[in-house]
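The structure appears below as structure tokens.
The values are calculated or read from the model by the stated rules, or taken from the named source; none is laboratory data. A quick note: this is a predicted structure, and the numbers were derived from the prediction, not measured. Glycine gets a Cβ as well: all are built from the backbone with ideal geometry, and neighbour counts include every protein chain shown. Accessible surface is based on the protein model in full, side chains and every heavy atom, while ligands, DNA and RNA are left aside. Shrake-Rupley method; radii C 1.70, N 1.55, O 1.52, S 1.80 Å.
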Amino acid sequence: MHCAHRRHARSSRHAQPNAPLAVCRRCGTRLALAGAAATVLLAAGVPASASAGTPQPAAQAGAGAAGGAASVARAGAPAAADRGIAKRIALPKAGAKPAAKPAAKPKAAPKPVVAKPKPIAWDAPIPGAPMSEAYGVTDSGYAAGYHTGTDFAVDVGTPVDAIGAGTVVSAGWQTSYGNAVVLKLSGGDYALYAHLSAFKVSAGEHVSAGQRIALSGNTGNSTGPHLHFEVRTSNVYGADTNPLAFLRAHGVGDF
């Protein structure tokens, strides 16, 4: 028997007696095939029978055709039933934990707060300078008959500081004192700096403790470079008091 489909008709022309049989996948017709074609169809899963003339039931033929199609699909050929099937969308499983959030970046450590040094309340006129003559030493060469201040032996040009906060009363020449600066301190007392070589402040200026106000020198009635320092209760000659005792009472001892 020959199938109406031409490709099967061609295949059956050269079939040998007792050749294997195959079933047409389109119409279910049993075909006698040549050895090479039978080998291909059998390898693909098409059922064959040793008897060339024995018809197979239609149900069995259909089952064989379905099995062949499944075998071909397993071999890599796309099955017709798989065509047009929508792609599956991957959905999260029920109860799945959400993805963990990325860890927050650690905050930068705050910069350490550097405490500013507190302003000093009182200072020595020339911190660390050696004393060359003390207060109150009697000497007929002084107008008062004694030394009205304290002398510090320093070279010309040594920085001179305000001993406390106050206002500059005068900065200029004062006869035997030479170049001198007078400060009125915040407590009402006065400080006098004599024999200076240069001024760093002017009258009426407000100063703070430790501020540079002048440079030491050797002007006026002086026998050598030094700073003559006085503390007075009022701004007149003879109203002097012990300057070192005054400084010690205000916590200063760097002299």
**Q.** Sole exception among (1) in contact (Cβ under 8 Å) with a residue 60 or more places away in the chain; (2) acidic (Asp, Glu); (3) open to solvent by 20 Å² or more (accessible area, probe 1.4 Å); (4) under 14 Å from Phe246 (Cβ atoms) for Asp189, by number
**A.** (1)
Q) Scanning for something free of Cβ contacts under 8 Å to residues at least 24 places away in the same chain and either on the phi > 0 side of the Ramachandran plot or open to solvent by 40 Å² or more (accessible area, probe 1.4 Å) (or both), does region 174-186 turn up at least one residue? A) yes
Q. Conditions: (1) open to solvent by less than 40 Å² (accessible area, probe 1.4 Å); (2) part of a loop (DSSP other than H, G, I, E, B); (3) touching a strand residue (DSSP E or B) at 6+ places or on another chain (Cβ under 6 Å). Val156 meets all but one. Number of the miss?
A. (1)
(Q) Can you report the number of residues in region 160-187 which are closer than 20 Å to Thr150 by Cα and part of a loop (DSSP other than H, G, I, E, B)? (A) 4
Q: Would you check which residues across region 211-255 are open to solvent by 40 Å² or more (accessible area, probe 1.4 Å) and among the charged types (D, E, K, R) and list them?
A: Arg212, Arg248, Asp254
Q.
Out of the residues in region 115-125 meeting the condition of being at pLDDT 75 or above and of a type in the set (A, V, I, L, M, F, W, C), tell me which one is most open to solvent (accessible area, probe 1.4 Å).
A. Ile120
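Results for (1) buried (at least 18 other Cβ atoms within 10 Å of the Cβ); (2) aliphatic (A, V, I, L, M), shown as yes or no for each residue.
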position: Pro127; (1), (2): no, no
position: Thr150; (1), (2): yes, no
position: Ala162; (1), (2): yes, yes
position: Ser170; (1), (2): no, no
**Q.** Options Pro106, Pro159, Pro110: the member that is under 46 Å from the mean Cα position of the chain (by Cα) and touching a residue at least 24 places away in the same chain (Cβ under 8 Å)
**A.** Pro159
